Each structure stands twice: as C-alpha cells, then as structure tokens.
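Asks: The structure follows.
The values are calculated or read from the model by the stated rules, or taken from the named source; none is laboratory data. Note that this is a predicted model, so its numbers are computed, not measured. Note: ideal-geometry Cβ built from the backbone for every residue, glycine included; neighbour counts use all protein chains shown.
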Amino acid sequence: MFKRIFLLIACLFGAGLVQADAADWSSPHELRLEEQATVALIPFPQQVEWHAGSLNVKGKEPRLTGDVNDMLREALADYQAGRTQGNGIIPVKCELRPDALPKERAAEGYCLNVGKSGVQLSAVTPKGLLNGFQTLRQMLATGNGKLPYCNITDWPAFEYRGYMQDCGRNFRSVARLKKELSLAAQLKVNVFHWHLTDYPGWHVECRCYPVLNAPQHRTRDKNDTYSYEQIREVFAYAAARGITIIPELDMPGHSAYFDRAFGFKMHSPQGMKIVGELLDEFCREVPADICPIIHFGADEVRIPNAAQFVDFVTKKLLSHGRTPMQWASNRDLPVGEHSIEQRWGEGADMVAKSIRPERITRRAIDSTMGYSNLLDPALLVRRYFFMRPCGSAEGDEKKLGSIICIWPDGKVDDKSYIPGMCTMWPGMMAMAERAWVGGGADGDHLPLDMPAADTVPGRAYALFEKRMQRLRCAQFAGEDFPVWTESGMSWTVVGPVATAKAATMRDDVIDGRIDGVGIRKAYCANLYFRTRPDTGYLGMFPQARPGNTIWAVTSIRADKAGKQKFMIGFDAPARSNRRWTGVPQKNTWSQTGARVWLNGKEIKNPRTYRLAGQKAHPGNAWNFEQPLDPEEIWWVQQPIEINLEKGNNTFVFELPYIGEHQSWGVSLIPVKK
C-alpha cells in the first residue's frame, strides 16, 4: 500500500482572480533564479548566479581533494551507497579559508563554484564544506547528467533546523533512525530532537533502576530499549552528518510508566530523588561533548511544586555542563531561567499564538507551525513554507530556528507507516527550506486560503512543489511521500448555506446557475473550509458552524476520453487524538454525506472498505491502543479511477459540515504512476 510514487499530471487551467492579500508576501529571492535552474535544490541558495554551459557528469563520480574532513567522507560514502560507480571523475577541490565568508555567515555557510575545470568548494568551517557538498549532491541527483556552471554563496538564516521523532510512544529501530538521519542531512537539517520517553515507557537503558526497563511497566514495545551503547552509536552517526541530537527525557508529565514502576509520582520527594539519579546516569553515559543540550519536557502537566521541580532539574543538568530545554505553552511548567524554550500551541487562537518577535525574551525554537500528525498533508507543507520561524526573517541569539514534530501518539503496529501517516518528508522539506532561506513578510494567512497561481506567493509555492517532487524521485524514492503537486487548480466555492436549504440549491449549482449566489474563487487541489478546534479552526470559513453545506466546483481537462486516477479525500483523522468522521459506508464518499457529480451525473465511491461505516470518533482518544488502520487515512491508499470525457470535465462536490470533529474540506488531485 505504501512505497509508491505518483506524480501530478500537467494539467489544469487558468488561475482566475488574483487575491489582494497575496501581495503581502514576498519571496526571499528572485523567482526567475528558480525558473532558470536546471537542478532542484532544497533549500534554495541565498545567492546564486547561473551561467551558460555545464559539465557533463554522466557516468562520473566526485573526487574530493584538499581539506577533506570526516563529515565529507561520510557524505560521499552515503552518496555512493547503492550506486553503480562511474568510470569518470568530477574534480571537487575543497578548501577551508577564514575569509571565505563574512563572520556572521561563517558557521555553516559555503561557496560553490562550477566551471570548466570542475567544482570549487570553499568554507570557513568543516560544516560549511559539508553543506556545500549536500548542495552538490542534489545537483548531481537532479541535473540529468549535467552540472550547470554557477556561483553559489549560501548560508542559513537560522541556526537550528530540526525534526523530532517520538520514540517514547512508538519505538523506532536504530537502523531506521540512521536512515532518517542520512536523508535529513541531505536537506541541511542539523538537529534531531529524539523524544525517548513517554506514557508507554522509559525506553532508555537504566542501570540504577532496572525496574524502569521491565516489560510489565510498559504498555507498548515492551521489550524494546535503547542501550547506552546504541544511543552513543546514533549520536556518533548523526554527528558525522553534521546533526546534533537533543535527547528528550520527558518529566514530570508523560510519565505514567514511572507511576507503574514505583507507585508514586515523579514530582514527589522520593520521585525527585530518582529523577536526579536518572539524569546523573544519563549524563555519565552520554557525555556533554556529544550531547550539549538535554530536553526535559515539562509539558502538559500541573503539579503543586512546579517551580521547585524545574529548578531542581535545571540545576542538575547545569551541573553536568548541559543546557536545559523545555516545551513552552500555557499548558506547561514554567520555563527555567537557563532553559531554551520550544514554543508550541494548539487551540482556537493558534494563529494569534504564532510566535512573534516581540514575544521572544529568551532563546526559543519555534514548533508552532503545526504538528505533522495533526494537520492534513498539504496544509502542513503550506504552513511551513509560508510562515517564518520565530516570526522573523532571520535568526539571532534568541530566535534560534524551527523543529518540525512527528507525533504518532496512538499505537502504530507497523512502524513503517509513520512517515506516510505523518507527512514526514514533505513537511521536513518545507521546514528546511524556510529555516535555511528565511523570508521577508510573514505569510500566516496564505496556507489557509491559497493565492492564485499568477501571484508572487502562488508562483513561489508552485516552484517549490516542482523542486520537492524532483528531489522526491531523486533522493527520497524509497520513502512514503503523501504530498502531490497541487498548484494550478482553480475552484468556484458556493456557500456556505444552511444544510436544511441545500436541496433547493443543489440542482442550480450542478447546472451552473449560480448567478447572484454567494460565491468565491479558491486555488490549489486541497481546499480547507474549517479544520477541527485542535488545529485552531483554520481555513477559508473559520466562523462557520456545523449545520452548513458548501459546494466546490472545478474543471479537469482531458486530452482524450478514458480513465484517470485521482487522490480524493474529505477528512483527515487526527493521528494524535483520532477525532474524525470515520470510514465511508459502501458506495459513499464519507460519513458526512459528501456527494460528487461529474458532468452533471452523480458518481459513487468505487472503493471497497473492510471497515465500511466504522471508526467515527467525535471525541478525543489520546494515546489510543487500537492502532490506526490505513483505511482511516485517504492519502496512504491507492488512487481512485474515474472515467473522463475528452475536453473539460466539471466536478461538483457537495460537502455538509456535521460536527467539529470534522476537518471540513476536499482534496481532488489528478495523479499518474
């Protein structure tokens, strides 16, 4: 079911009206530079000049000379792994030079020049050379045997560009973690936030209290524990690829395993004594030179001795030469004076809570753009693409950067589903792009109501999608990648109107008689009218309430009559709390009563479901133990085949809004294998 790649057909039609608010957003670079590029780069360079001509590199392999460090050797080995080695040579001269870049760009910046004699790569630091090689690697992967002549000067806007993986709720093997680190490094991601403990268990070897590793005190992955040797192995593997690991030992919340093992709370006097010993042991086994930051959670919990607990843990970590890090929202313990705060937020005013520069008074990392297990795939990518980390164009000593969080809270039996269910790689690409490139004006409003294709943000997003899809095939071909190119589609949206009046309007909409009716234009293949409250009521109609109906009308042009494959979806389950409308009944599109017409004729859902009519869940089911079934997630299933006529084909979708557990919207994505 997974491990498949679909690419969007070139299609669709005019962009329609230009939205005025799209003018608020500007691209960090001239879009013509992307349009001129013959290679796909994520992140796109800060400065690039493309020149006429190219090196023929087909059948050739890079040969690194000069200041070749261990990280470059590892990156070259990763590049060569699994490839048929070429016979020719691409000369790549690597040089560390103190004057290669200005001081403010020196830490990770690089210069890459391609000319007739080969490739010149220069930087101030070994990490800079590594970043330059990752750019070269993408050029080799997407250049079709040609390496364009160019001059690139590049550096990150933000210091921290990371991803979080929750191994406390769903254990991941060391081999899989290494694979993900290798792929993330290719995007110049430099932080892995390793969430090691959560309600189901303490998955770190524990010598001072082996009872914490006892299977009877775990609720999932009962026999899975990371030994300290394995933890150090993963740290070393990450460091060799320029990635710093921030381990998280979540306390005092998210620690039900502790109560089961000891019979008392972590924040109690006897519990705090054990916490101190656990931290002492971890810090002895994982030294500060490889692990400078330790995250201790402190989220989603209320305890009477909050300040005392935070003070105790932060002092303990400081005594071991570590920088403490904590989650920071209105649900969490107070952030300690010396801690880095990781901002996150959910609720009805999520957009209002988005990080603003004036609100950052200490070192902060931004995770407010949305969790990958909560938002629909395209919406997640849009938010990370358009919204600036820390609300700023670039970082400083307080505005550190961004971490995208992958939280499969519920039990997952087959862990290979996690990247697809949680939109891991497309989301990481969008995060890596924005956190490296930075940006001018913030685009908070754009992900919810996408701009037309002929606006600057519309063009920028379409170009990013093309780069993303090319790298998907070139470097992430074996990974689940549940986002397809969506730019170029245009819709007419009718409503919302009271559902009780839908029957009197339906025929007029199907027949195109909508003059005088409340209509508006919408763009891209995925429309979001109003999402659930846990995502902040995002969408085109955030004030709408259940009991309304909307129609969405679009056209698809076919060069000839025949079957066309589509990804079609109406609701996305929250992979954290499982709220959604359920698996459709037989011959229906959703349990909400959604209906579809094509060229005036109603069409039924041809898909067969094992779980037809099941799994609706209007409430919250945090940390659920019944695993998510792939049938609950439309974007991991096979596409649906629909017969099209030659020429224009008009789709009409009728979408009732039945309750706030529903993510109210529609996705119609033409695809081919």
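Asks: Are any residues in the stretch 386-418 in a helix (DSSP H, G or I) and touching a Ser or Thr at 6+ places or on another chain (Cβ under 9 Å), and if so, which ones? I'd like the intermediate steps shown before the answer.
Replies: As a first pass, look at the stretch 386-418 and keep what is in a helix (DSSP H, G or I): 386, 389-391, 415-418.
Of everything in the stretch 386-418, those that are in a helix (DSSP H, G or I) and touching a Ser or Thr at 6+ places or on another chain (Cβ under 9 Å) turn out to be Pro389, Cys390, Gly391, Lys415.
Asks: Still on this model: Based on what the data block shows, is Ala502 outside the structural domain of Asn190 (by TED's automatic domain parsing) and modelled with pLDDT under 95? Before the answer, list the steps.
Replies: Values: outside the structural domain of Asn190 (by TED's automatic domain parsing): yes; modelled with pLDDT under 95: yes.
Yes; evaluated as a whole, the condition is true for this residue.
Asks: Given the condition modelled with pLDDT of 95 or more and polar (S, T, N, Q), answer yes or no: does some residue in the stretch 623-638 qualify?
Replies: no
Asks: If a residue must be of a type outside the set (Gly, Ala, Ser) and closer than 12 Å to Ala525 by Cβ, how many such residues does the stretch 462-491 contain?
Replies: Of all residues in the stretch 462-491, those of a type outside the set (Gly, Ala, Ser) come to 463-473, 475-476, 479-486, 489, 491.
If we keep only those that are closer than 12 Å to Ala525 by Cβ too, we end up with 465, 483-486, 489, 491.
Final tally of qualifying residues: 7.
Asks: Taking the condition under 21 Å from Ile365 (Cα atoms) and surrounded by 15 or more Cβ atoms within 10 Å (Cβ to Cβ), does Val286 pass? I'd like the intermediate steps shown before the answer.
Replies: Numbers: under 21 Å from Ile365 (Cα atoms): no; surrounded by 15 or more Cβ atoms within 10 Å (Cβ to Cβ): yes.
No, not satisfied.
Asks: Another question about this same structure. Identify all residues within the stretch 443-473 that are outside the structural domain of Arg356 (by TED's automatic domain parsing), small (Gly, Ala, Ser) and under 19 Å from the mean Cα position of the chain (by Cα); write none if there are none.
Replies: Selection gives Ala460, Ala462.
Asks: For the stretch 623-673, which strands (runs of 3 or more DSSP E) that fit wholly inside it have 2 or more residues that are surrounded by 22 or more Cβ atoms within 10 Å (Cβ to Cβ)? Can you show your working first?
Replies: On the way: elements: 640-644, 647-657, 664-672.
Output list reads 647-657, 664-672.
Asks: Now a separate question. Would you check if Ser590 is small (Gly, Ala, Ser) and more than 30 Å from Arg331 (Cβ to Cβ)?
Replies: Numbers: small (Gly, Ala, Ser): yes; more than 30 Å from Arg331 (Cβ to Cβ): yes.
It is true that Ser590 is small (Gly, Ala, Ser) and more than 30 Å from Arg331 (Cβ to Cβ).
Asks: To continue, here is another question. Just give me the residues in the stretch 338-363 being closer than 19 Å to Phe312 by Cβ and either of a type in the set (A, V, I, L, M, F, W, C) or modelled with pLDDT under 95 (or both), in sequence order. Talk me through it step by step, then tell me what you get.
Replies: Our first condition is that a residue be closer than 19 Å to Phe312 by Cβ; within the stretch 338-363, this holds for 338-341.
The one that is closer than 19 Å to Phe312 by Cβ and either of a type in the set (A, V, I, L, M, F, W, C) or modelled with pLDDT under 95 (or both): Ile340.
Asks: If Val234 meets every condition in (1) closer than 28 Å to Gly128 by Cα; (2) without any contact (Cβ under 8 Å) to a residue 60 or more places away in the chain apart from one, which number is that one?
Replies: Failing condition for Val234: (2).
Asks: Quick check, is Val509 more than 24 Å from Thr142 (Cα to Cα), touching a residue at least 24 places away in the same chain (Cβ under 8 Å), surrounded by fewer than 18 Cβ atoms within 10 Å (Cβ to Cβ) and of a type in the set (Val, Ile, Thr)? Step through it out loud before you land on a result.
Replies: On the way: more than 24 Å from Thr142 (Cα to Cα): yes; touching a residue at least 24 places away in the same chain (Cβ under 8 Å): yes; surrounded by fewer than 18 Cβ atoms within 10 Å (Cβ to Cβ): no; of a type in the set (Val, Ile, Thr): yes.
Criteria not met by Val509.
Asks: Tell me which residues, restricted to the stretch 99-124, are crowded, with 19+ Cβ neighbours inside 10 Å and among the hydroxyl-bearing types (Ser, Thr, Tyr).
Replies: Tyr110, Ser122
Asks: Within the stretch 259-285, can you find the residues that are closer than 13 Å to Val204 by Cα and either at pLDDT below 95 or not aliphatic (A, V, I, L, M) (or both)? Reasoning before the result, please.
Replies: Going residue by residue through the stretch 259-285, those that are closer than 13 Å to Val204 by Cα are 278-279, 281-283, 285.
Matches in the stretch 259-285: Glu281, Phe282, Cys283, Glu285.
Asks: Identify, from the list Asp571, Asp534, the residue that is within 30 Å of Trp622 (Cα to Cα), touching a residue at least 12 places away in the same chain (Cβ under 8 Å), among the acidic types (Asp, Glu) and outside any loop (DSSP other than H, G, I, E, B).
Replies: Numbers: Asp571 fails: outside any loop (DSSP other than H, G, I, E, B).
Step by step, each of Asp571, Asp534 is checked, and only Asp534 is within 30 Å of Trp622 (Cα to Cα), touching a residue at least 12 places away in the same chain (Cβ under 8 Å), among the acidic types (Asp, Glu) and outside any loop (DSSP other than H, G, I, E, B).
Asks: Now a separate question. What residue, among those in the stretch 45-80 that are assigned to a strand (DSSP E or B) and among the small types (Gly, Ala, Ser), is surrounded by the fewest Cβ atoms within 10 Å (Cβ to Cβ)? Walk me through how you get there before you give the answer.
Replies: As a first pass, look at the stretch 45-80 and keep what is assigned to a strand (DSSP E or B): 47-56, 60-66.
Narrowing further to those that are among the small types (Gly, Ala, Ser): 52-54, 66.
Values: Ala52: 6, Gly53: 13, Ser54: 19, Gly66: 14.
Among those that are assigned to a strand (DSSP E or B) and among the small types (Gly, Ala, Ser), it is Ala52.
Asks: I'd like the full set of residues that are surrounded by fewer than 13 Cβ atoms within 10 Å (Cβ to Cβ) and touching a helix residue (DSSP H, G or I) at 6+ places or on another chain (Cβ under 7 Å), limited to the stretch 593-610. Spell out how you get there, then give the answer.
Replies: The first filter runs over the stretch 593-610 and keeps only residues surrounded by fewer than 13 Cβ atoms within 10 Å (Cβ to Cβ), leaving 600-602, 604, 606, 608, 610.
Listed by number, the residues that qualify are Gly600, Arg610.
Asks: For Ala107, are the conditions met, namely being in a loop (DSSP other than H, G, I, E, B) and among the small types (Gly, Ala, Ser)?
Replies: Values: in a loop (DSSP other than H, G, I, E, B): yes; among the small types (Gly, Ala, Ser): yes.
For Ala107, the condition - in a loop (DSSP other than H, G, I, E, B) and among the small types (Gly, Ala, Ser) - is met.
Asks: Do you know which residues across the stretch 186-219 are out of contact with any Ser or Thr (no Cβ under 8 Å at 6 or more places or on another chain) and in a helix (DSSP H, G or I)?
Replies: Pro210, Val211, Leu212, Pro215, Gln216, His217
Asks: Right, something else. Between a residue in the stretch 326-337 that is assigned by TED's automatic domain parsing to the domain that holds Asn305 and on the phi < 0 side of the Ramachandran plot and any residue that is crowded, with 17+ Cβ neighbours inside 10 Å and hydroxyl-bearing (Ser, Thr, Tyr), which pairs come within a Cβ distance under 7 Å, given they are 6 or more apart or on different chains?
Replies: Final answer for the pair search is Gln326/Ser339; Gly336/Thr314.
Asks: Go through the stretch 85-101 and count every residue that is in contact (Cβ under 8 Å) with a residue 40 or more places away in the chain and not in a loop (DSSP other than H, G, I, E, B). Before you say what the answer is, go through the steps one by one.
Replies: Step one: filter the stretch 85-101 for residues in contact (Cβ under 8 Å) with a residue 40 or more places away in the chain, giving 90, 92, 101.
Next, from what is left, pick out any that are not in a loop (DSSP other than H, G, I, E, B): 90, 92.
Going through the stretch 85-101 one residue at a time, the tally reaches 2.
Asks: Is it true that some residue in the stretch 485-496 is more than 30 Å from Leu31 (Cβ to Cβ), touching a residue at least 40 places away in the same chain (Cβ under 8 Å), not aliphatic (A, V, I, L, M) and not in a strand (DSSP E or B)? Show your work before the answer.
Replies: To start, the set of residues in the stretch 485-496 that are more than 30 Å from Leu31 (Cβ to Cβ) comprises 494-496.
Checking which are touching a residue at least 40 places away in the same chain (Cβ under 8 Å) leaves us with 494-496.
Within this subset, residues satisfying the condition of being not aliphatic (A, V, I, L, M) are 495-496.
Retained after the next criterion (residues that are not in a strand (DSSP E or B)): none.
No - not one qualifying residue is present in the stretch 485-496.
Asks: Let me ask something else about it. Which of (1) more than 25 Å from the chain's Cα centre (by Cα); (2) β-branched (Val, Ile, Thr); (3) farther than 19 Å from Asp413 by Cα is the odd one out, the single condition Thr225 does not satisfy?
Replies: (3)
Asks: Within the stretch 445-477, restricting attention to residues that are farther than 14 Å from Ser27 by Cα and among the acidic types (Asp, Glu), which residue is modelled with the highest pLDDT?
Replies: Glu465
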